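One structure is given below, encoded as structure tokens.
The values are calculated or read from the model by the stated rules, or taken from the named source; none is laboratory data. All of these numbers come straight from a predicted model, not from anything done at the bench. In this analysis, Cβ positions are derived from the backbone assuming ideal geometry, glycine residues included, and neighbour counts consider all displayed protein chains. All accessible areas refer to the heavy atoms of the entire protein, side chains included, with ligands and DNA or RNA removed. Shrake-Rupley method; radii C 1.70, N 1.55, O 1.52, S 1.80 Å.
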Amino acid sequence: MQQSRRGDRMRRKEEIADAGIRLIARGGTHHLTHRLVDTEAGLPKGSTSYYARTRRDLIALVVQRLSDESQHDVADVVIPETIGVKGATEVLATAMQRMRRRADAQKARFALMFELREDNELRGALTAEAPVRAGLDQIAARLLSALEVPDADIRGPELVALADALLMYQAVDAAPIDIVRIINTYFAGLAAKPL
């Protein structure tokens, strides 16, 4: 019985966070209010306040959900021991395509990064200190190492930053860009020149 209640509580928090993500993606962070989340999630008035007393608590639920979901995006990335530019491009482009499918999550994440400029704890959970970030840096380093790029461990975070910037550019629909071409050019440049 206790396990069931804990599971129900967890599902309700996820519903609230998912509703918050949708609201932010559609209208920006100022749309993240307890009342609007209740409406978006189809919950009785006051439900969100029960799980998240303050706006910061509500943002924390959304941030946690974004973090949890982004770990699924890269959980099964496979990198061979050696790889060429074309193969490296395909690996990264496929992982980014998976992330782009959750467009609302990408939009919400980027909007919250600006909203949380002064809140180092929550902002960190969306940026460099995010639980998924260490895994992303390792995947990027392994990919660069397989491509035989020198200093792959150092360059891994740079590759993650490039991918993040490309995702943000697409999330806000800034202009049409060819992510595959950009990534291919990046890898080709690294593979062609001594660093």
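Listing for the model above:
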| item | result |
| --- | --- |
| Test for R65: is it assigned to a helix (DSSP H, G or I), of a type in the set (K, R), without any contact (Cβ under 8 Å) to a residue 24 or more places away in the chain and out of contact with any Leu (no Cβ under 8 Å at 6 or more places or on another chain) | no |
| Check on R142, over 29 Å from A19 (Cβ atoms), of a type in the set (K, R) and either open to solvent by less than 50 Å² (accessible area, probe 1.4 Å) or touching a residue at least 40 places away in the same chain (Cβ under 8 Å) (or both) | yes |
| Flag for L43 being part of a loop (DSSP other than H, G, I, E, B) and surrounded by 16 or more Cβ atoms within 10 Å (Cβ to Cβ) | yes |
| Test: residue in segment 156-166 that is within 25 Å of R22 (Cα to Cα) and among the acidic types (D, E) | yes |
| Selection status of T54, surrounded by fewer than 18 Cβ atoms within 10 Å (Cβ to Cβ), modelled with pLDDT of 95 or more and farther than 30 Å from Y186 by Cβ | yes |
| Which numbered condition L190 misses (of (1) under 25 Å from R102 (Cβ atoms); (2) buried (at least 19 other Cβ atoms within 10 Å of the Cβ)) | (1) |
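Yes/no matrix, rows are residues, columns are (1) part of a helix (DSSP H, G or I); (2) closer than 15 Å to Q71 by Cβ; (3) charged (D, E, K, R):
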residue: F110; (1), (2), (3): yes, no, no
residue: R123; (1), (2), (3): yes, no, yes
residue: A128; (1), (2), (3): no, no, no
residue: G135; (1), (2), (3): yes, yes, no
residue: A141; (1), (2), (3): yes, no, no
residue: L144; (1), (2), (3): yes, no, no
residue: P157; (1), (2), (3): yes, no, no
residue: V160; (1), (2), (3): yes, yes, no
